[in-house]
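Values in this text are rule-based calculations from the coordinates and carry no lab data. All figures in this text were calculated on a predicted structure; none of them were measured in a lab. Cβ sites come from the backbone with ideal geometry, for glycine too, and all protein chains shown count toward neighbours.
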Amino acid sequence: MAAARNTGLNENKSEFCYFIDSDDVLTPNSILSGSIALSANPDYAGVGGFPNFFKEMNDPTLKNSLVHQGYFWKPIGLHTAKSVALKENHFIPASAFFRVSELKEVGGWDGSDKSIYEDWSLYSKLAWNNKKISIIPSIGYLYRNTPGSMFKTYNIFFG
């Protein structure tokens, strides 16, 4: 996954890019929200909205369960985020909007990484290079979450 994302990054000729997993779905305002957030905050390297979990597109319970449970990512207060992120991703979700120049400056994703947490690894690299990333306090994309999802079936120790 990391190598594929780097291929997209290296071919990108625009100011911004949105990286999204193949089974996720953008909302009508995903790109607009990301573009506004990065334009309004020129010192941010990336931003991401909350994932809205679903099983199928016709899921009648399509809602943001993370928001309803009171679970939120914290905006990157660099020193705090760097320490809590050693245990798990406390930055932004995997599908997110970035400033291309910032990703290229840190070398993008680790192409040798075989884990499912290539996003967490990149966000840690950005944080340790004093790059700012932040959560957009709204639904950013639809995240398909089924019993067969990679997140639930992949051996995290493989990578």
Notebook entry, point to check: In whole Hz, what ³J(HN,Hα) sequence does the range 33-41 give by Karplus (6.51, -1.76, 1.60; θ = phi - 60°), x for Gly and Pro?
Noted result: 4, x, 5, 5, 4, 6, 5, 6, 10
Item checked: Point-charge dipole on Cβ atoms (K/R +1, D/E -1) for the range 1-54, about Cα centre, debye to 20 -> 80 debye
Check: Which cross-chain or sequence-distant (5 or more) residues have an amide H under 5 Å from the amide H of PHE53, H modelled 1.01 Å from N in plane?
Finding: SER65, LEU66, TYR143
Checklist line | Stretch gain in nm, segment LEU26-ASP43, where the contour uses 0.36 nm per residue and the Cα spacing is subtracted | finding: 3.7 nm
